[in-house]
Amino acid sequence: MSSEPPPDAAAASSAGDLAADLSSATISKKQLKKDARKAEKAEKAAQRQQQQPQADADDPFAANYGDVPVEEIQSKTISGRVWTDVGGLDEAAAGRSVLIRGAAQAIRPVSKKMAFVVLRESMSTVQCVLVSSADAGVSTQMVRFATSLSKESIVDVEGVVSLPKEPLKATTQQVEIQVRKIYCINRAIPTLPINLEDASRSEAEIEKAEQAGEKLVRVGQDTRLNYRAIDLRTPANQAIFRIQCQVENKFREYFLSKNFVGIHSPKLIAGSSEGGAAVFKLQYNGQPACLAQSPQLYKQMAICGGFERVFEVGPVFRAENSNTHRHLCEFVGLDAEMEIKEHYFEVCDIIDGLFVAIFKHLNENCKKELETINRQYPFEPLKYLEKTLKLTYEEGIQMLKEAGTEIEPMGDLNTEAEKKLGRLVKEKYGTEFFILYRYPLAVRPFYTMPCYDNPAYSNSFDVFIRGEEIISGAQRIHLPELLTKRATECGIDASTISSYIESFSYGAPPHGGFGVGLERVVMLFCALNNIRKTSLFPRDPQRLVP
């Protein structure tokens, strides 16, 4: 019997061999390209290494400086070394050896034998001094290495704390580090897209320089946001988000002290939570859904669930095409809901206590942060009363009318009217924080309780800081029949919120609550001109990255 395969099998075998050869050729080409890319990268890395002064083999102090190899920062070992916080360096540390890590904010060569490096850690900066000396273990090569570092590179410094002869103006810490060792952990690119020094200047500094004939770079808002990771390093931004953290913490602390329970409501919902069309729509497993405009419906259902008092800190989504200084498509909502025994002023009293506590806390415990913000974005401290002022909507309208501003009697206040009312209230009552209550029902959400004496008005309120609204709140409708009627009147399909309405048919106590945007509170307390300054990575109609 012949051992040769039949013609068809031979052809198939040849075709298979050819396919295998082609496949191998393709793989080889891919591999060659891959190897070429690797070689190119290695060559570029080598070139960079050659351009960057490294420890000289002939330098007796070569071990005291250099770029740290990658493997040494891959969680290789636990050395037991202790780092000192830059912010903790003071006169009491003089004479002590310390190890610090920070970003190289400024590098200034004085001569071949001397250089200064300013390291920054969070909001604190310290001056590090390198002086070539055999006794100190510092060589001229080490000084050259330090001056070769690119700004914003991450650096470890070991040295001895000393007191300067003259006060230091360029750093927060009034001590120096006499450098004994310096290592680069990670080099920043040589040319950054924005200069931190430029991004940290106040408008007043820029204008003063221009008057003197000096042209300084003004970093625009879009540029800042495009390179937010660098922009966030400015002292003012470091302070702004520390203030924001304190506001959120105080919010939680206050509500917990008043027996509120923290909750987390869903952000994917079947229908609108506020009414209107400003929702982000999406498909949820084949059915239409949207992102929650607020936790409103669910925090009310929690009250129906017997929790009595609840609060939430979470994201809120608004699909409004509002390119204004105070609107975002996503923000952090601070929400609360509570049972009412007799009057919705019980909610207003909680707000009064909450914000007075927040303002006091910031003024007493965040002086450093407020001063830092003030240097780049000057502002006057917020004026407020120990007992928050309450005015009716009609009183506010009358104040505006007497000042020459006509407002539609049953309409909502526009931004211009709000700001003017804020100025009038400040002049008359000496406060920039007040509550305006008893709004017309037509300008409030469907779930707002009408007034007992005039259904054209509602048991609702807004709260203002510096003439801008930060809070909307009200007594809610807890009667299912009235709630259904109001939803229909406001153009909401009651079937999409049937579970919400139904929850009130099981027995629900009178209740009320409010919502406030965290970013807007910080913006207005610090009198900043744009809410994007208080949003870590803002989302507005034009921005989805970074």
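The values are calculated or read from the model by the stated rules, or taken from the named source; none is laboratory data. Computed from a predicted model, the values in this text were never measured in an experiment. Every residue, glycine among them, receives a Cβ derived from its backbone with ideal geometry; neighbour counts consider all protein chains shown. Protein only, heavy atoms only, side chains kept; ligands, DNA and RNA dropped before computing areas. Shrake-Rupley method; radii C 1.70, N 1.55, O 1.52, S 1.80 Å.
General observations
- Sole exception among (1) open to solvent by 30 Å² or more (accessible area, probe 1.4 Å); (2) outside any loop (DSSP other than H, G, I, E, B); (3) in contact with a helix residue (DSSP H, G or I) (Cβ under 7 Å, 6 or more places away or on another chain) for LEU297, by number: (1)
- Leading residue by the ranking (nearest to PRO445 (Cα to Cα)) among those in segment 396-411 that are modelled with pLDDT under 90 and of a type in the set (Asp, Glu): GLU408
- The condition of being out of contact with any helix residue (DSSP H, G or I) (no Cβ under 9 Å at 6 or more places or on another chain) and either farther than 16 Å from GLN300 by Cβ or open to solvent by 40 Å² or more (accessible area, probe 1.4 Å) (or both) holds for only one of SER499, SER472, SER505, that being SER472.
- Given (1) farther than 18 Å from ARG108 by Cα; (2) more than 27 Å from the chain's Cα centre (by Cα), number of the condition ARG224 does not satisfy: (2)
- Residues in segment 336-366 that are open to solvent by 10 Å² or more (accessible area, probe 1.4 Å), of a type in the set (Asp, Glu) and either over 30 Å from ALA236 (Cα atoms) or within 22 Å of the chain's Cα centre (by Cα) (or both): GLU339, GLU342, GLU346, ASP349.
- Among the residues of segment 404-427, the one identified as touching a strand residue (DSSP E or B) at 6+ places or on another chain (Cβ under 8 Å), open to solvent by 30 Å² or more (accessible area, probe 1.4 Å), closer than 20 Å to ILE471 by Cβ and assigned to a loop (DSSP other than H, G, I, E, B) is ASP412.
- Scan of segment 165-197 for residues that are open to solvent by 50 Å² or more (accessible area, probe 1.4 Å), within 19 Å of ASP90 (Cα to Cα) and within 31 Å of the chain's Cα centre (by Cα), ordered by number: LYS169, ALA170, THR172, GLN174
- Among the residues of segment 475-496, those that are polar (S, T, N, Q) and surrounded by fewer than 22 Cβ atoms within 10 Å (Cβ to Cβ) comprise THR484, THR488, SER495, THR496.
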